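The structure appears below as structure tokens.
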Amino acid sequence: MALPTTITTKLPNNLTAVTTVAVLNGMQTANVVFALVPEGTIASFSLAPTYPTVANQQFQIGARHFNLNEIRFQAAFGMQTGELMCNAVITDDKGGNATPFNMPVANWSV
């Protein structure tokens, strides 16, 4: 897979993660945007080997809550696949039905 590449992942409660993986200054980076339908962008992060983890962040649009426990970046190298792993909780459009998820939102190889 050639970089840059964009990966879209559907998550619980109409949350979508759109991740763009590129090479910047000789290292892989991942920019991820979390968006809700129909509200729009609720959070975005840039991660790299020098800043591989973001944790304990809370976001809200209207009644919707997005609690990011941790998002972790692992660059692809050789046979090892790159990965952006996310552990979070998202509520529905009424602020209820809090749904946890712990899954990769992007995988890539070089």
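The values are calculated or read from the model by the stated rules, or taken from the named source; none is laboratory data. Computed from a predicted model, the values in this text were never measured in an experiment. Just so you know, the surface numbers come from the protein's heavy atoms only, side chains and all, with ligands and any DNA or RNA stripped out. Shrake-Rupley method; radii C 1.70, N 1.55, O 1.52, S 1.80 Å.
Between [x] 44, 23, 22; [y] 66, 43, 26; [z] 61, 22, 17, which matches Cα extents along the principal axes in Å calculated for the structure shown?
[x]
Determine the per residue accessible area of region 1-100 with all protein chains present and a 1.4 angstrom probe, expressed in square angstrom.
Values: 5410 Å² over 100 residues.
Computed with neighbouring chains in place, this is 54 Å² per residue.
Among Thr29, Thr16, Thr99, determine the one that fluctuates most according to a GNM of the chain built with springs between C-alpha atoms less than 10 Å apart.
It is Thr99.
Out of the total accessible area of the chain (probe 1.4 Å, heavy atoms of protein only), what percent is carbon and sulfur?
Details: 3080 of 5850 Å².
Its accessible area is 53 percent carbon and sulfur atoms.
Can you work out the Karplus-derived ³J(HN,Hα) for every residue in region 3-9? Use 6.51 cos²θ - 1.76 cosθ + 1.60 with θ = phi - 60°, whole Hz, and x for glycine or proline.
9, x, 9, 10, 10, 10, 10
Which whole-number percent is the relative contact order of the chain (Cα, under 8 Å, 6+ apart)? Each step should come with its number before you reach the end.
Working: 266 pairs, mean separation 23.8, N = 110.
Relative contact order of the chain: 22 percent.
From the backbone phi of region 67-83, what are the Karplus-calculated ³J(HN,Hα) couplings (6.51 cos²θ - 1.76 cosθ + 1.60, θ = phi - 60°) in whole Hz, Gly and Pro given as x?
9, 8, 6, 6, 10, 10, 9, 9, 5, 7, 7, x, 8, 7, 6, x, 8
Full-extension gain between Ala63 and Thr99, please, as 0.36 nm times their residue separation minus the C-alpha to C-alpha distance. Could the numbers behind the result be given before it?
Working: separation 36, 0.36 × 36 = 12.96 nm, distance 1.44 nm.
Here the segment from Ala63 to Thr99 would lengthen by 11.5 nm.
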